[in-house]
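Note sheet for the following structure.
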């Protein structure tokens, strides 16, 4: 007889979207929720959502979210009766789970022995081989000398994977395609593993090229019940980290699901697993599958399983942790429809997906039928360098895979994240690639389907700049109207003489000069020297506008920061989040404060040369500096006669558009 362990409060030892997601279910179950946070997260959504909150310490994870002693202090201070670790941080730390048990706190997860066993890839693989679970051929021995690893690698044959035994998330992992590259790969993986996980132990595995990454969600209670909840395909990855996940797997058959499910359940039974876990497999093109690892926690991608099964996995975790039974059998599990999840990362896709940091000027998530968004950010927040760059998950469900895919593309296009670079446009491109549409994506999907040019944002078009200009024009007009005593609506945008023609000069990754000419209250012509578009404004609200351009209806999300002298505007058009700077407004604002002799950078770029110094007299037309932008060199000339009173930058530095470079006191 399993003893019930009821509890009324849960401390969530995590942050961001997963902390918020766990709290939603816990609150729905009537439990008190307790947040922990680092200094950088003092105003974070999960802190505000919780009934209680406890400060762990400074922002670095080593001084906050990974501090077991501080978590213990939070337990003592708040009276928490249970802990949910989420994923990452301490979720797969056996010592932490053991410390919770010793302190009489319910750890909502598996027992420490299971975490310990499956957290070591070498031990886990050996145990699965003994349990007759199919495994990738490789080496997981105790002898960790370089000579032994090299010899074993040569026995396996190339290509092979070198992996940190205690690792995950792509760290401490190297693909080796030839004999001579193996020693360096071992050294690099060993160093990375030691720094990331505190263990330099490695394993070797035959590389299953262009395989699918398919995982089985298992669940077990303390009453002997073990079931699986179907599979998830997580093949779309970069740097061995998942980007898109879906359920069910596009190539799954009933017989293959039964075989993989049985292997996953066997694995869980063999180690006497309790709670939610995921058994990961590589599935090759012939239908043969191999055990990869077991994650002894809730997965990032668990929402797709929830959407196709109708189950709440966090609620099931809590029920099992309280000593309850699963309440369903394998025959009760039914997969309905299809779900796809996209991970929204703060990262620069054009710079090899490097993490990005910065302010969240506007977070505008989509809404709609079949759409779920799990996020841990709000407008006005800051994406810091201390934590994982994933800021949200956007999930779509449909009766068919294609319906789910189209809904997810639409949801991404209706979502905006302004202020920090993100991978949103890349996600849309990935979902629209034919290989993904056909359900043919393997772990080589990104390599095979994206070139460097695909990852670089296209230049700002006249359509983009025209939308931005009209939004800023409308804002300026509204400000003028608010200062007017009276105005007849029919006279908006009317002029008695020639047409009103307003110039704009926008800079993003390129520069575009255009004019806006109103033709009626809501219609405009936007033009460059060699192109013109007819634009009609159908509606403008606080952050959403609808345009008709050359007969095409376009929905736009927008944000005009109030602190940029109307020089900056952020827009989302066709799923591309753009930040544009109107140089005319910026230069006018600088000139107003710095005087007519202010010389500003016309665009973002590198200041190659500076030809003047403080105290030097100059004449209109003199060369002041050279700025390199967009692979071209632009001369900056003096607009006035006078004397240089200040030079704000030296040659060799990067400057932003609108930066005050040089000041000239006019004669």
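The values are calculated or read from the model by the stated rules, or taken from the named source; none is laboratory data. Please read all numbers here as calculations on a predicted model, not as lab measurements. As a convention, Cβ positions derive from the backbone with ideal geometry for all residues, glycine included, and neighbour counts pool all protein chains shown.
Results for (1) modelled with pLDDT of 95 or more; (2) in the same structural domain as residue 196 (by TED's automatic domain parsing); (3) more than 27 Å from residue 206 (Cβ to Cβ), shown as yes or no for each residue.
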{"residue": "96", "(1), (2), (3)": "yes, no, yes"}
{"residue": "101", "(1), (2), (3)": "no, no, yes"}
{"residue": "104", "(1), (2), (3)": "no, no, yes"}
{"residue": "119", "(1), (2), (3)": "no, no, no"}
{"residue": "123", "(1), (2), (3)": "no, no, no"}
{"residue": "126", "(1), (2), (3)": "no, no, no"}
{"residue": "130", "(1), (2), (3)": "no, no, no"}
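Among the residues of the stretch 487-502, is there at least one that is at pLDDT 85 or above and touching a strand residue (DSSP E or B) at 6+ places or on another chain (Cβ under 7 Å)? Within the stretch 487-502, one or more residues are at pLDDT 85 or above and touching a strand residue (DSSP E or B) at 6+ places or on another chain (Cβ under 7 Å).
Within the stretch 182-201, the set of residues being loosely packed, with under 15 Cβ neighbours inside 10 Å and either within 29 Å of the chain's Cα centre (by Cα) or more than 13 Å from residue 146 (Cβ to Cβ) (or both) comprises 188, 191, 195, 198. Filtered by the rule that a residue be in the same structural domain as residue 406 (by TED's automatic domain parsing) and free of Cβ contacts under 8 Å to residues at least 12 places away in the same chain, the stretch 310-363 gives 351, 352, 354.
The residue of the stretch 97-121 that is farthest from residue 24 (Cα to Cα), among those that are in contact (Cβ under 8 Å) with a residue 60 or more places away in the chain and assigned to a helix (DSSP H, G or I), is 121. Among the conditions (1) under 19 Å from residue 120 (Cα atoms); (2) within 23 Å of the chain's Cα centre (by Cα), residue 301 misses just one, which is (1). Restricting attention to the stretch 541-567 and to residues that are more than 27 Å from residue 408 (Cβ to Cβ) and touching a helix residue (DSSP H, G or I) at 6+ places or on another chain (Cβ under 8 Å), the residue that is surrounded by the fewest Cβ atoms within 10 Å (Cβ to Cβ) turns out to be 564. When the stretch 318-339 is limited to residues that are surrounded by 22 or more Cβ atoms within 10 Å (Cβ to Cβ) and within 27 Å of the chain's Cα centre (by Cα), the one that is nearest to residue 27 (Cα to Cα) turns out to be 339.
Name the single residue, out of those in the stretch 446-471 being without any contact (Cβ under 8 Å) to a residue 12 or more places away in the chain and assigned to a helix (DSSP H, G or I), that is surrounded by the fewest Cβ atoms within 10 Å (Cβ to Cβ). Per the stated criteria, the residue is 453.
No other residue among 578, 514, 533 is in contact with a strand residue (DSSP E or B) (Cβ under 8 Å, 6 or more places away or on another chain), closer than 24 Å to residue 422 by Cα, outside the structural domain of residue 361 (by TED's automatic domain parsing) and modelled with pLDDT of 90 or more apart from 578. Taken over the stretch 155-182, residues that are over 16 Å from residue 136 (Cβ atoms), modelled with pLDDT of 90 or more and touching a strand residue (DSSP E or B) at 6+ places or on another chain (Cβ under 9 Å) amount to 3. Count of the stretch 648-667 residues, restricted to those that are buried (at least 18 other Cβ atoms within 10 Å of the Cβ) and modelled with pLDDT of 90 or more, is 4. Evaluating residue 284 against the criteria (1) crowded, with 20+ Cβ neighbours inside 10 Å; (2) at pLDDT below 95 leaves one unmet condition, (1). Taking (1) within 25 Å of residue 581 (Cβ to Cβ); (2) at pLDDT 90 or above in turn, residue 631 satisfies each apart from (2). Applying the condition of being in a loop (DSSP other than H, G, I, E, B) and free of Cβ contacts under 8 Å to residues at least 60 places away in the same chain to the stretch 381-410 and asking which residue is farthest from residue 58 (Cα to Cα) yields 389.
Each row is one residue, and each column tells you yes or no for (1) in a helix (DSSP H, G or I); (2) in the same structural domain as residue 118 (by TED's automatic domain parsing); (3) modelled with pLDDT of 95 or more.
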position	(1), (2), (3)
276	no, yes, yes
280	no, yes, yes
304	yes, yes, yes
377	no, no, yes
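Restricted to strands (runs of 3 or more DSSP E) entirely inside the stretch 500-587, those with at least 2 residues that are free of Cβ contacts under 8 Å to residues at least 60 places away in the same chain are 511-518, 523-527, 532-540, 544-549, 552-559. Across the stretch 221-262, which residue is modelled with the lowest pLDDT among those that are loosely packed, with under 15 Cβ neighbours inside 10 Å and within 30 Å of the chain's Cα centre (by Cα)? For the stretch 221-262, the residue satisfying everything is 239.
The residues of the stretch 264-273 that are in contact with a strand residue (DSSP E or B) (Cβ under 7 Å, 6 or more places away or on another chain) and either surrounded by fewer than 22 Cβ atoms within 10 Å (Cβ to Cβ) or in a loop (DSSP other than H, G, I, E, B) (or both), listed by number, are 265, 269, 273.
Within the stretch 75-88, not a single residue is at negative phi, in a strand (DSSP E or B), in contact with a strand residue (DSSP E or B) (Cβ under 9 Å, 6 or more places away or on another chain) and surrounded by fewer than 23 Cβ atoms within 10 Å (Cβ to Cβ).
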